[in-house]
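**Q** Encoded as structure tokens, here's the structure I'll be asking about.
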Amino acid sequence: DQQVKQNSPSLSVQEGRISILNCDYTNSMFDYFLWYKKYPAEGPTFLISISSIKDKNEDGRFTVFLNKSAKHLSLHIVPSQPGDSAVYFCAASGNAGNMLTFGGGTRLMVKP
Amino acid sequence: DTEVTQTPKHLVMGMTNKKSLKCEQHMGHRAMYWYKQKAKKPPELMFVYSYEKLSINESVPSRFSPECPNSSLLNLHLHALQPEDSALYLCASSRGNRRSSPLHFGNGTRLTVT
């Protein structure tokens, strides 16, 4: 049973518009969440994280929102750029140190 | 360029072969990880080394044997693998094993078992 789910396998967005990637989790012990970006033939690259004591964290064009009651988080990219086209993984960890559970990924395509 | 270097990039091996995957980082990170990623699936944790000691083994079959010779190197020794072990093997490192230390991933070794 997947504890971290990304229900949209792909998302297509026009350059300059907002990209919203969603992630749901089921394990109540998760209290730290991260987003990673992955280009083909490369390993995942850390983007942004959020602790459960916050509901929002912002870094440049990237903002992560956390709704603990809904066990839902989202990544907003504004404005989207063609270079943002990649697979985005949501990941979560609980009290067991830095063990990450990854979602299935969402492929974002930003069209020029 | 990634700061975690994995070699080889590609590996094809038979079920009776013995091979090793290598991972190196020079960021002074004290935690290192092996993940396995099958096609169209998320990465799955295999092993965690913390300060050169194996701290987590996610019930990985013994045909996979990790080794951490020093704080910069992490190996994964492979023996008698099965075709279903074909996957992308990702190495990662982090400054510590706390959640606030993001993982830095290498580009992976794509393994094919024939």
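**Q** Taking the stretch A:51-81 only, how many residues are in a strand (DSSP E or B) and either in contact with a His (Cβ under 9 Å, 6 or more places away or on another chain) or modelled with pLDDT of 95 or more (or both)?
**A** 16
**Q** Of the residues in the stretch A:54-98, how many are touching a residue at least 40 places away in the same chain (Cβ under 8 Å), within 20 Å of B:Arg98 (Cα to Cα) and of a type outside the set (Ser, Thr, Tyr)?
**A** Number of matching residues: 6.
**Q** Note down all Cβ pairs under 8 Å where the first residue falls in the stretch A:32-48 and is within 8 Å of chain B (Cβ to nearest Cβ), the second is basic (Lys, Arg) and buried (at least 17 other Cβ atoms within 10 Å of the Cβ), and they're at least six residues apart or on different chains.
**A** Every condition considered, the pairs that remain are A:Tyr32/B:Arg99; A:Pro44/A:Lys37; A:Pro44/A:Lys38; A:Thr45/A:Lys37; A:Thr45/A:Lys38.
**Q** Does the stretch A:17-50 hold any residues that are assigned to a loop (DSSP other than H, G, I, E, B), within 20 Å of A:Gly83 (Cα to Cα) and not small (Gly, Ala, Ser), and which are they?
**A** Passing the criteria: A:Arg17, A:Ile18, A:Tyr39, A:Pro40, A:Glu42, A:Pro44.
**Q** Continuing with this model, one more query. Among the residues of the stretch B:13-25, is there at least one that is surrounded by 14 or more Cβ atoms within 10 Å (Cβ to Cβ) and touching a Lys or Arg at 6+ places or on another chain (Cβ under 8 Å)?
**A** Yes, because at least one residue in the stretch B:13-25 is surrounded by 14 or more Cβ atoms within 10 Å (Cβ to Cβ) and touching a Lys or Arg at 6+ places or on another chain (Cβ under 8 Å).
**Q** Same structure, new question: Mind listing whichever residues of the stretch A:49-79 are more than 14 Å from chain B (Cβ to nearest Cβ) and aromatic (Phe, Trp, Tyr)?
**A** Within the stretch A:49-79, just A:Phe65 meets the criteria.
**Q** A follow-up question, please. Among the numbered criteria (1) within 14 Å of chain A (Cβ to nearest Cβ); (2) in a loop (DSSP other than H, G, I, E, B); (3) exposed (fewer than 15 other Cβ atoms within 10 Å of the Cβ), which single criterion is violated by B:Pro42?
**A** With respect to (1) within 14 Å of chain A (Cβ to nearest Cβ); (2) in a loop (DSSP other than H, G, I, E, B); (3) exposed (fewer than 15 other Cβ atoms within 10 Å of the Cβ), B:Pro42 is out only on (3).
**Q** Another question, if that's okay. Would you check if B:Thr5 is surrounded by fewer than 17 Cβ atoms within 10 Å (Cβ to Cβ), within 13 Å of chain A (Cβ to nearest Cβ) and assigned to a strand (DSSP E or B)?
**A** Spelling it out, B:Thr5 is indeed surrounded by fewer than 17 Cβ atoms within 10 Å (Cβ to Cβ), within 13 Å of chain A (Cβ to nearest Cβ) and assigned to a strand (DSSP E or B).
**Q** Only residues in the stretch A:1-30 that are more than 14 Å from A:Phe102 (Cβ to Cβ) and among the small types (Gly, Ala, Ser) count as the first member; pair them with residues that are at pLDDT 95 or above and outside any loop (DSSP other than H, G, I, E, B), Cβ under 6 angstrom, at least 6 apart or cross-chain, and list the lot.
**A** Qualifying pairs under 6 Å: A:Ser8/A:Thr106; A:Ser10/A:Arg107; A:Ser12/A:Met109; A:Ser19/A:Val13; A:Ser19/A:Ile77; A:Ser19/A:Leu108.
**Q** Of the numbered conditions (1) at pLDDT below 95; (2) of a type in the set (S, T, N, Q); (3) surrounded by fewer than 17 Cβ atoms within 10 Å (Cβ to Cβ); (4) under 14 Å from the mean Cα position of the chain (by Cα), B:Gln37 fails exactly one; give the number of that condition.
**A** Of (1) at pLDDT below 95; (2) of a type in the set (S, T, N, Q); (3) surrounded by fewer than 17 Cβ atoms within 10 Å (Cβ to Cβ); (4) under 14 Å from the mean Cα position of the chain (by Cα), only one is false for B:Gln37: (3).
**Q** Moving on. May I ask you to say which residue of B:Thr112, B:Thr16 is β-branched (Val, Ile, Thr), modelled with pLDDT under 95, over 25 Å from A:Gly103 (Cβ atoms) and out of contact with any Phe, Trp or Tyr (no Cβ under 9 Å at 6 or more places or on another chain)?
**A** B:Thr16
**Q** Scan the stretch B:75-94 residue by residue and report those that are more than 10 Å from chain A (Cβ to nearest Cβ) and either buried (at least 18 other Cβ atoms within 10 Å of the Cβ) or in a loop (DSSP other than H, G, I, E, B) (or both).
**A** Passing the criteria: B:Leu76, B:Leu78, B:Ala80, B:Leu81, B:Gln82, B:Asp85, B:Ser86, B:Ala87, B:Tyr89, B:Ser93.
The values are calculated or read from the model by the stated rules, or taken from the named source; none is laboratory data. These figures come from a predicted structure and were not determined experimentally. Note: ideal-geometry Cβ built from the backbone for every residue, glycine included; neighbour counts use all protein chains shown.
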